[in-house]
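Take a look at the structure below.
The values are calculated or read from the model by the stated rules, or taken from the named source; none is laboratory data. Note that the structure is predicted; figures quoted are calculated from it, not measured. Quick reminder, even Gly has a Cβ in these numbers, built from the backbone with ideal geometry, and neighbours come from all protein chains shown.
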Amino acid sequence: MPPPARGRSTPAAREQGDRACSAESRRGRQIVIACLTVAALGVGCDTPQTFVVLDNRYAPSPTNALVVYRAQWHAVSFTAPVSPGASSDPQHTVPASAIAAYVLLAPGWDPSSPTAPTSFVVMQSRDGFEEHLDETLHIPVDDTTFVGNCAAGSFLSQEQADVITQRVFASEFATLRYDAASCTTTPIAAPIADAGGPG
């Protein structure tokens, strides 16, 4: 039988070529799938991290340090005291439009004391703070950013103070009354039991 003419492929050669193309195609699909998987994993690892931090910008003082005892912004409660010149731990949050922040200062209170303070200064931010996705919002606490520190000549109205003490920091003021004009905190007198018998 004469050999096949040069330039023509035999059935066996064509079959071998088809197998090679099929294997190459499978490898190509595997590479594409692998690339898509890596891309998906990369997106998953890049989860936005949105935080808020409270910065106590009051100056340290050995006698009357203005410690931030409690603070509230949006749905975030700062429950760990923040000493003058220090900052809170970052707290997870979500993006939000401009929202006011509220602060309870505890003048002269020692954060290491096991006893809770009984004297407070109630303050509200002059403007709202806005949070953006994948950013860290810093809330500076001082007399420039907040209103309500009587010692600095800054006052809340009694109505503002009542809303804050009764709604935002209700547990701290469960047995206390706050006077916004003097920034003083006094215990609420317990009701006097009727000692008299039936008439």
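Summary table
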{"item": "Test: residue in the range 40-50 that is in contact (Cβ under 8 Å) with a residue 12 or more places away in the chain and assigned to a strand (DSSP E or B)", "result": "no"}
{"item": "Residue check for S61: small (G, A, S), within 22 Å of H132 (Cα to Cα) and modelled with pLDDT of 60 or more", "result": "no"}
{"item": "Qualifying residue in the range 127-137 (condition: in contact with a Leu (Cβ under 8 Å, 6 or more places away or on another chain), surrounded by fewer than 13 Cβ atoms within 10 Å (Cβ to Cβ) and over 17 Å from T165 (Cα atoms))", "result": "yes"}
